[in-house]
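A short worksheet on the structure shown next.
The values are calculated or read from the model by the stated rules, or taken from the named source; none is laboratory data. Bear in mind that the values here come from a model prediction, so they are computed numbers and not experimental data. Every residue, glycine as well, gets a Cβ built from its backbone with ideal geometry; the counts of neighbours run over all protein chains shown. When the accessible area is computed, the model is the full protein with side chains, heavy atoms only, and any ligands, DNA or RNA have been set aside. Shrake-Rupley method; radii C 1.70, N 1.55, O 1.52, S 1.80 Å.
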Amino acid sequence: MSALRESPAWRALAEHQPGVAQLHLRELFARDPDRARRFSAEAAGWRLDYSKHRITDETLERLFALARERGLEARRDAMFAGEKINTTEHRAVLHVALRAPADAVILVDGENVVPQVHAVLERMAACAEQIRAGAWLGYSGLPIRNIVNIGIGGSDLGPVMAYEALRHYSERGLRVRFVSNVDGTDFAETVRDLVPAETLFIVSSKTFTTLETMTNARTAREWLLAAAEDEQAVRRHFLAVSTNEAAVNAFGIPTEQMFGFWDWVGGRYSMDSAIGLSTMIAIGPQAFREMLAGFHAMDEHFRTAPLERNLPVIMGLLSVWYADFFGAGTVAVLPYEQYLKRFPAYLQQLTMESNGKHVTLAGEGVDYPTSPVFWGEPGTNGQHSFYQLIHQGTWLIPCDFIAFAQTLNPLGRHHDLLIANVIAQAEALARGKTLDEVLAEGAPPELAPHKVFEGNRPSSLLLAERLTPATLGALVALYEHSVFTQAAIWDINAFDQWGVELGKQLALRVAEEIRTTDAELAHDASTNAAIAWYREQRGR
Ligand code: F6P
């Protein structure tokens with residue numbers, strides 16, 4: 001058995017769980033009128049109400065004991081101190097340095113990295129201002145009007161999510177788009193109505209070797225040159241965001257047009273680095289700095305607040321509680337805010353690429369579930385789609401509801417109705433409806449069982465006053481540190497991603513076999529047949 005499962009705090013939780021599993025949220029609320037207040041905490045503009053979770057005071061005590069026993073605070077401090085906690089890649093993990101104030105000191109190998117961060121931010125700001133002012137001219141002398149970010153994974157999902165989330169604050173005279181998929185349709189449809197002379201590509205890739213991004217970048221260059229008919233045009237129409245200067249230069253983008261970051265920024269933790277250049281161009285440097293300040297406020301909360309009042313710690317521990325003690329394999333993330341429509345997709349990489357791991361830091365197999373699957377859609381759309389399963393299906397699915405007091409688009413009663421729905425859904429999941437209640441409403445007995453809701457389905461309510469760059473930054477940091485908390489409990493490395501490698505390697509081999517149509521195939525029969533089918537179809 002693993003050290004985690006044998007640990008006293010884990011055992012204490014395992015012993016405690018069957019008793020809690022018997023309790024209904026109705027009962028827990030009835031017993032303690034103060035429960036909502038006591039099980040709520042605030043930080044960085046966010047209020048987390050975790051009272052609708054299947055926990056008691058004792059559960060929390062035992063979860064915090066687990067966190068202490070696993071050394072969460074020491075691990076957190078090691079991250080903030082720039083220690084190389086990404087042990088499989090021998091790297092520090094310092095996304096928190098990306099939003100540290102200019103006078104902070106964070107050392108990596110004896111060097112303070114904060115001045116470098118701010119130097120890049122200043123260069124980004126100058127570039128963004130120039131473009132926003134219409135002073136960045138394309139090859140024909142027309143100002144740039146279209147920004148196309150080319151990237152994938154962390155070099156796409158964060159920028160897309162942030163652009164959509166902060167669209168309200170964006171310069172509407174600019175069109176900002178994103179290409180990620182190696183499927184040529186993504187590029188073709190993205191540029192279909194764009195004029196090359198007014199289009200600037202930002203090639204965003206930490207490594208500058210990613211197959212999808214480099215393929216799209218080359219296609220973008222051909223698309224531009226087909227119109228410009230002059231290699232010199234590339235300089236005016238391409239920027240790069242990367243850690244790989246040599247590859248950027250080899251592509252034809254000069255170092256002055258490259259915005260760097262560092263190996264201590266993981267791809268999925270990079271939306272507030274230069275990878276956020278498209279975001280900064282869209283919303284402006286001031287709003288981007290406000291977003292960084294929101295991130296930093298949550299960082300400081302995570303770093304300094306006692307575990308008992310620490311939002312990311314509480315969220316992370318609840319995730320462990322359901323995944324490991326209730327066998328809940330998924331978490332639904334349900335923003336009641338249209339601007340956050342890409343937030344669940346963004347979170348999928350953050351959570352699952354980080355904590356989808358099967359061995360401990362020491363390389364031993366785990367004997368407990370690690371990251372659940374994160375998924376979701378904005379409310380209220382999800383209500384008319386998959387909520388049926390959350391309410392009456394057989395899986396326990398903890399939900400994160402996210403909502404704002406104020407809308408950015410006041411229109412009649414829309415916002416009141418939106419908020420009424422999120423509050424009502426959380427209540428319905430928790431309370432349910434008993435057979436007696438169904439019958440009392442006059443349901444025919446044969447229909448009654450179908451109308452029963454067991455309830456006791458847990459959810460968090462994450463509430464803020466208004467969606468701003470700062471509240472968005474704080475929300476992302478909240479989930480980042482929740483992921484960190486979970487990884488600390490599970491003793492896994494949240495900062496590598498070896499699991500994406502095998503598919504990449506095999507894709508290169510298959511691509512070569514497709515290209516050289518007569519090469520002998522030595523895969524399993526199914527794979528051989530699929531390649532042969534494609535060769536034949538393609539040949540027609
Ligand atoms: O394949 C996974 C991954 O390495 C992610 O971790 C990363 O965000 C993405 O690919 C893109 O990588 P890059 O920014 O180097 O192109």
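Within the stretch 428-456, count every residue that is within 13 Å of residue 393 (Cα to Cα) and surrounded by 12 or more Cβ atoms within 10 Å (Cβ to Cβ).
Of the residues in that region, 8 qualify.
Testing residue 62 on (1) open to solvent by less than 20 Å² (accessible area, probe 1.4 Å); (2) part of a helix (DSSP H, G or I); (3) not acidic (Asp, Glu), one condition comes back false. Which one is that?
Here residue 62 clears every test but (1).
Scanning the stretch 491-502 for residues that are surrounded by fewer than 24 Cβ atoms within 10 Å (Cβ to Cβ) and of a type outside the set (Val, Ile, Thr), which turns out farthest from the ligand (Cβ to nearest atom)?
To start, the set of residues in the stretch 491-502 that are surrounded by fewer than 24 Cβ atoms within 10 Å (Cβ to Cβ) comprises 491-493, 496-502.
Now restrict to residues that are of a type outside the set (Val, Ile, Thr): 491, 493, 496-499, 501-502.
On the way: 491: 21, 493: 13, 496: 9, 497: 5, 498: 10, 499: 9, 501: 8, 502: 11 Å.
Going through the qualifying residues, I end up with 491.
List pairs: first in the stretch 442-461 and over 30 Å from residue 404 (Cβ atoms) and modelled with pLDDT under 95, second open to solvent by 70 Å² or more (accessible area, probe 1.4 Å) and of a type outside the set (Asp, Glu), Cβ under 9 Å, 6+ apart or cross-chain?
From residues that are over 30 Å from residue 404 (Cβ atoms) and modelled with pLDDT under 95, there are no pairs.
With (1) within 22 Å of the chain's Cα centre (by Cα); (2) under 30 Å from residue 335 (Cβ atoms) as the list, and residue 52 as the residue in question, which single condition is left unmet?
(1)
Residue under question is residue 351, and the condition is that it be closer than 23 Å to residue 153 by Cβ, within 16 Å of the ligand (Cβ to nearest atom) and of a type in the set (Val, Ile, Thr); does it hold?
Taking the combined requirement at face value, the residue satisfies it.
Output yes when any residue across the stretch 468-490 is over 26 Å from residue 343 (Cα atoms), open to solvent by less than 40 Å² (accessible area, probe 1.4 Å) and away from the ligand (no atom under 16 Å from the Cβ), and no when none is.
Within the stretch 468-490, none of the residues are over 26 Å from residue 343 (Cα atoms), open to solvent by less than 40 Å² (accessible area, probe 1.4 Å) and away from the ligand (no atom under 16 Å from the Cβ).
Just give me the residues in the stretch 35-49 being open to solvent by 20 Å² or more (accessible area, probe 1.4 Å) and under 25 Å from the mean Cα position of the chain (by Cα), in sequence order.
Filtering the stretch 35-49 down to residues open to solvent by 20 Å² or more (accessible area, probe 1.4 Å) leaves 36-38, 42, 44-45, 47.
Matches in the stretch 35-49: 42, 44, 45, 47.
Among the residues of the stretch 380-398, is there at least one that is on the phi > 0 side of the Ramachandran plot and of a type outside the set (Ser, Thr, Tyr)?
No, the conditions are met nowhere in the stretch 380-398.
Does residue 201 satisfy the criteria of being touching a residue at least 40 places away in the same chain (Cβ under 8 Å), within 13 Å of the ligand (Cβ to nearest atom) and not polar (S, T, N, Q)? Talk me through it step by step, then tell me what you get.
Values: touching a residue at least 40 places away in the same chain (Cβ under 8 Å): yes; within 13 Å of the ligand (Cβ to nearest atom): no; not polar (S, T, N, Q): yes.
No.
Which condition number in (1) over 22 Å from residue 212 (Cβ atoms); (2) open to solvent by 10 Å² or more (accessible area, probe 1.4 Å); (3) among the aliphatic types (A, V, I, L, M) is the one that residue 511 fails?
(1)
Suppose the filter is farther than 18 Å from residue 504 by Cα, polar (S, T, N, Q) and either surrounded by fewer than 21 Cβ atoms within 10 Å (Cβ to Cβ) or modelled with pLDDT of 95 or more (or both); does residue 180 pass it?
Spelling it out, it is not the case that residue 180 is farther than 18 Å from residue 504 by Cα, polar (S, T, N, Q) and either surrounded by fewer than 21 Cβ atoms within 10 Å (Cβ to Cβ) or modelled with pLDDT of 95 or more (or both).
Residue 168 versus (1) over 16 Å from residue 271 (Cα atoms); (2) under 23 Å from the mean Cα position of the chain (by Cα); (3) within 16 Å of the ligand (Cβ to nearest atom): which is the lone unmet condition?
(3)
Just give me the residues in the stretch 112-165 being touching a Lys or Arg at 6+ places or on another chain (Cβ under 6 Å) and either within 16 Å of the ligand (Cβ to nearest atom) or in a loop (DSSP other than H, G, I, E, B) (or both), in sequence order.
138, 139, 148, 154, 160, 161
If you scan the stretch 340-363, which residues turn out to be among the hydroxyl-bearing types (Ser, Thr, Tyr) and under 15 Å from the mean Cα position of the chain (by Cα)?
Listed by number, the residues that qualify are 346, 351, 354.
Inside the stretch 208-311, counting only helices (runs of 4 or more DSSP H) that do not spill past its ends, which hold 3 or more residues that are more than 16 Å from the ligand (Cβ to nearest atom)?
By residue number, 211-228, 233-237, 277-283, 285-304.
Which of the residues belonging to the stretch 15-27 are open to solvent by 10 Å² or more (accessible area, probe 1.4 Å) and in contact with a helix residue (DSSP H, G or I) (Cβ under 8 Å, 6 or more places away or on another chain)?
Within the stretch 15-27, 16, 17, 26 qualify.
Before we move on, is residue 171 open to solvent by 20 Å² or more (accessible area, probe 1.4 Å) and in a loop (DSSP other than H, G, I, E, B)? Give the steps one after another, and end with the answer.
Working: open to solvent by 20 Å² or more (accessible area, probe 1.4 Å): yes; in a loop (DSSP other than H, G, I, E, B): yes.
Yes, satisfied.
Here is a yes/no grid of residues against (1) surrounded by fewer than 19 Cβ atoms within 10 Å (Cβ to Cβ); (2) more than 29 Å from residue 448 (Cβ to Cβ):
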{"residue": "384", "(1), (2)": "yes, no"}
{"residue": "392", "(1), (2)": "yes, no"}
{"residue": "401", "(1), (2)": "no, no"}
{"residue": "405", "(1), (2)": "yes, yes"}
{"residue": "409", "(1), (2)": "yes, yes"}
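Look at the stretch 172-198 and say how many of its residues are away from the ligand (no atom under 14 Å from the Cβ) and either polar (S, T, N, Q) or more than 29 Å from residue 284 (Cβ to Cβ) (or both).
5
Right, residue 345: in contact with a Leu (Cβ under 8 Å, 6 or more places away or on another chain) and either of a type in the set (Lys, Arg) or over 20 Å from residue 68 (Cβ atoms) (or both) or not? I'd like the intermediate steps shown before the answer.
On the way: in contact with a Leu (Cβ under 8 Å, 6 or more places away or on another chain): yes; either of a type in the set (Lys, Arg) or over 20 Å from residue 68 (Cβ atoms) (or both): yes.
Criteria met by residue 345.
Would you point out which residue out of 237, 301 is more than 23 Å from the chain's Cα centre (by Cα), crowded, with 23+ Cβ neighbours inside 10 Å and not charged (D, E, K, R)?
Only one candidate qualifies: 237.
Sort through 176, 182 and tell me the only one that's of a type in the set (Val, Ile, Thr) and assigned to a loop (DSSP other than H, G, I, E, B).
Residue meeting the stated conditions: 182.
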